[in-house]
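Heads up, the thing below is written out as structure tokens.
A short reminder: the numbers here are calculations on the coordinates, not readings from a lab. All values derive from a computational prediction rather than experimental measurement. Positions of Cβ are backbone-derived with ideal geometry, glycine not excepted, and every protein chain shown enters the neighbour counts.
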Amino acid sequence: EMDPQERVFQERVDAGQKIEPKEWMPEGYRKTLIRQISQHAHSEIVGQLPEGNWISRAPTLERKAILLAKVQDEAGHGLYLYCAAETLGISRDEMYEQLHSGKAKYSSIFNYPTLTWADIGAIGWLVDGAAIMNQVPLQRCSYGPYSRAMIRICKEESFHQRQGFDVLMKMVKGTPAQKAMVQDALNRWWWPSLMMFGPSDDASVHSAQSMAWKIKQNSNDELRQKFVDQTVPQAEYLGLTVPDPALKWNEDKGGYDFGEPDWEEFFNVIAGNGPCNAERLNARKQAWDDGAWFRDGLTAYAEKAAERRAA
Ligand code: FAQ
């Protein structure tokens with residue numbers, strides 16, 4: 001019953017071949033990729049805001065230079081990913097419009113505030129840690145441009161994660177007040193980090209089809225479990241307590257049992273009602289509006305240059 005073109009496509013995907021921009025693909029495959037890649041790009045761009053908040057308040061010149069480089073990397077990831085999405089036939093203006101109108105999502109995690117310097121460490125450690133866990137398998141995504149973008153992005157995310165852990169290592173060896181600040185950051189960022197992997201498998205509407213198309217390689221719950229298993233020993237190394245009373249090593253499964261994230265909070269945040277949704281979106285729209293004169297200038301210059309060439 002499957003359309004012959006679609007069968008050939010699926011066979012190529014099953015054989016591990018990459019699909020490239022000009023090749024035939026099912027409309028649903030194209031749409032799913034545009035949705036996921038553009039949301040991923042928006043996340044990188046909006047993701048600059050919580051950390052950008054601390055660039056001017058970093059405790060030392062060295063920390064400031066490192067944070068500046070990291071935030072700049074996120075901008076690069078965003079632009080890289082917009083390019084990957086453009087190969088599917090959507091323009092950057094359309095994607096921006098979807099972000100600014102609230103139609104396109106970006107990661108829930110960036111709707112939480114950064115209250116202390118320890119939050120910068122926690123973001124690197126947990127948020128970049130979760131991003132890597134999710135993005136390493138995306139390097140094997142069936143769509144060529146997305147898969148290649150992920151290879152470079154993952155390398156940079158590894159540096160980001162290390163810098164976050166390094167910030168926290170320094171702080172937990174500091175004064176009791178500094179250590180308490182780190183514990184407080186873990187308390188606030190732990191559950192939102194687990195939510196980055198998306199809803200539980202039984203509530204994940206896109207997973208089955210995305211896995212059949214090898215856009216996703218793992219389910220949301222699989223990656224969440226791997227993240228917990230990797231991160232809990234790191235929290236212990238830092239001398240911190242993970243804020244989950246249900247957390248317990250399970251010898252039989254060779255992993256941790258852990259509590260259920262607050263899914264009501266998650267769906268509330270992705271519906272636009274998290275603590276900083278309005279602030280984040282307004283900052284993006286403001287930046288877009290403030291840049292209008294520059295875009296106008298570029299367009300006017302390009303038109304003049306074309307006229308001169310024609311003359
Ligand atoms: N936040 O059916 P599923 C970073 C939505 S890392 C918001 O499971 P899917 C690096 C989902 O879109 C963060 N929305 O969906 C960085 C769908 O709604 P829709 C970005 C979420 O796509 C670090 C609905 O729920 N990483 O930026 C979230 O199969 C530090 C149903 O969900 C990526 O985007 C969420 N957490 O799986 C930057 C990775 N979870 O679209 C700065 C690529 C789910 O129908 C500083 N994306 N939703 O309206 C993916 O791997 C997937 O899209 C998932 C969701 C796993 C996020």
Output ordering of 245-254, 67-76 (per-residue mean of other Cβ within 10 Å, highest first) is 67-76, 245-254
Step through the table entries 105/248; 31/155; 105/179, compare each Cα-Cα distance with 29 Å, and write down the pairs that go over it.
105/248; 105/179
PRE zone check, label point 7 Å out along Cα-to-Cβ of residue 60, amide N under 13 Å, scope the stretch 167-205, hits 167-171, 174
Multiply the residue gap between residue 105 and residue 177 by 0.36 nm, knock off their C-alpha separation, and tell me the result in nm, one decimal place.
22.2 nm
What dipole magnitude, in Debye to the nearest 20, does the stretch 152-311 give about its Cα centre under +1 on Lys/Arg Cβ and -1 on Asp/Glu Cβ?
960 debye
Within the stretch 132-154, list the residues whose amide N lies under 12 Å from a label point set 7 Å along Cα→Cβ of residue 24.
none
Cα radius of gyration and Dmax for the stretch 1-146 (Å):
18.1, 64
Taking the Cβ-Cβ separation of residue 292 and residue 11 as r and a Förster radius of 35 Å, what is the calculated FRET efficiency to the nearest 0.05?
0.15
In whole Å, what are the Cα extents of the stretch 33-104 along the three principal axes, biggest one first?
44, 22, 16
Apply 1/(1 + (r/R0)^6) to the Cβ-Cβ distance of residue 222 and residue 159, taking R0 = 30 Å, and write down the FRET efficiency to the nearest 0.05.
0.75
Quick check on packing: order 47-58, 290-301 by the mean number of other C-beta atoms within 10 Å, highest mean leading.
47-58, 290-301
May I ask you to derive the FRET efficiency for residue 241 and residue 308 from their Cβ-Cβ distance with R0 = 51 Å, giving the value to the nearest 0.05?
0.15
Largest-first ellipsoid semi-axes for the stretch 105-232, taking √(5λ) over the Cα gyration tensor eigenvalues, angstrom:
29, 16, 11
Sorted peptide list for 168-175, 194-201, criterion being average Cβ within 10 angstrom, highest first:
194-201, 168-175
Classify the chain as rounded, prolate or oblate from the Cα gyration tensor: take a ≥ b ≥ c as the square roots of its eigenvalues, call it rounded if a/c is under 1.5, otherwise prolate when a/b beats b/c and oblate if not.
oblate
Total formal charge among the other residues, if their Cβ is under 15 angstrom from that of residue 311, Lys/Arg +1 and Asp/Glu -1
+1
